[in-house]
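Have a look at the structure below before the remarks.
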Amino acid sequence: MRIILLGAPGSGKGTQAKMLVDKYQVPQISTGDLLRAAVAAGSPLGKKAKSVMDAGQLVSDDIVLGMIRERLAESDAKHGFILDGFPRTQVQAQALDKMLEELNWPLSDAVLFDVNFEAIIQRVSGRRSCPRCGQIYNVYTSPSKVANVCDKCGTTLQQRADDNEETIRKRLNVYREQTEPLIEYYKKQNKLQTLSGDGEISAVFANVCKIIDAMN
Ligand code: AMP
C-alpha cells in the first residue's frame with residue numbers, strides 16, 4: 001500500500017498514521033517529523049527550516065522534495081508507505097507522481113481527513129507529543145495517564161512551537177491556499193477517498209482501515 005494522508009493541520013493525520021504503521025507494518029513518512037528532526041539536530045537544513053516552520057509557512061519545495069527522495073530510497077519504503085503531510089503543494093504532488101512513476105510504484109490512494117476548522121484550533125492547541133517515541137496526546141481529548149508524561153516511554157511531553165493559536169490560523173490559511181487544491185488534483189486522478197476526521201480517534205481509525213482494506 002502506498003497512500004497519502006491529506007488534510008488540514010490538526011486533522012488527525014499523524015495520529016492515524018502511527019496507528020496504521022502498527023496495523024499494516026509500513027513506514028509513516030512525515031515531512032513535518034523529518035523537518036523537526038533536522039531542527040533538533042541543528043543541521044544547516046534544520047536551521048533554514050526553523051523560522052519558516054515557526055511562522056506557519058511552508059518550507060521550500062526543493063528542500064522537502066530532496067528529503068522525500070532520500071527517504072523513499074531507504075529499504076523499508078520498498079513494501080509501501082504512508083505519506084503524512086506530503087505533498088502540500090501542486091509542485092510537490094507533480095514531483096511525487098514523477099518519482100513514483102520512475103520507481104514503478106503506483107500510488108494506491110490519497111485519503112482526505114475532512115475536519116471542521118474551528119475544532120482544529122482547539123485540537124491543535126491541546127496537542128502534546130513525545131519527543132522520544134513520537135506518540136501524540138491531547139490534553140482535552142486523549143490525555144496521557146500522568147500529566148505531561150508519555151504513557152509509552154515515560155519521557156516528558158512537549159508542545160510544538162507552531163501549535164499556538166496565532167500560528168495555527170496562519171497554517172490553516174496556508175492549507176486553504178496551497179494544499180486544498182490537491183483535493184481536486186487527486187480527484188481528477190480518481191484516487192481520492194474522503195472520510196470525516198471529526199469524532200473519536202478509534203472511530204476514525206475504523207473508517208480509515210475500511211478504506212485501506214477495500215483498496216487492497
Ligand atoms: P506538520 O507536522 O505536517 O504539521 O508540519 C509542520 C511544518 O513543517 C509545516 O507547517 C511546514 O512549515 C513544514 N512542512 C511539513 N511538511 C511540509 C511540506 N510537505 N512542504 C512544506 N513544508 C512542510
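The values are calculated or read from the model by the stated rules, or taken from the named source; none is laboratory data. It should be emphasised that the depicted structure is a prediction, and the values quoted were computed from it without experimental measurement. All Cβ positions, glycine included, derive from the backbone under ideal geometry; neighbour counts span all protein chains shown.
Rundown of residues vs (1) more than 10 Å from the ligand (Cβ to nearest atom); (2) of a type in the set (Lys, Arg); (3) not in a loop (DSSP other than H, G, I, E, B), yes/no style:
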site	(1), (2), (3)
Gly10	no, no, no
Gly14	no, no, yes
Lys23	yes, yes, yes
Ala40	yes, no, yes
Val59	no, no, no
Gly66	yes, no, yes
Lys78	yes, yes, yes
Leu83	no, no, yes
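Selection within region 85-110: residues that are among the aliphatic types (A, V, I, L, M) and farther than 20 Å from Leu35 by Cβ. The member of this set that is farthest from the ligand (Cβ to nearest atom) is Leu103. Consider region 140-168 and keep the residues that are among the β-branched types (Val, Ile, Thr) and farther than 20 Å from Met19 by Cβ. The one that is surrounded by the most Cβ atoms within 10 Å (Cβ to Cβ) is Ile168.
For region 164-185, the criterion of being within 27 Å of Gln90 (Cα to Cα), at pLDDT below 95 and touching a strand residue (DSSP E or B) at 6+ places or on another chain (Cβ under 6 Å) is met by none of the residues. Listed by first and then second residue, the pairs with beta-carbon distance under 7 Å, at least 6 apart or on different chains, first residue in region 35-59 and free of Cβ contacts under 8 Å to residues at least 24 places away in the same chain, second in a loop (DSSP other than H, G, I, E, B) and surrounded by fewer than 14 Cβ atoms within 10 Å (Cβ to Cβ), form an empty list.
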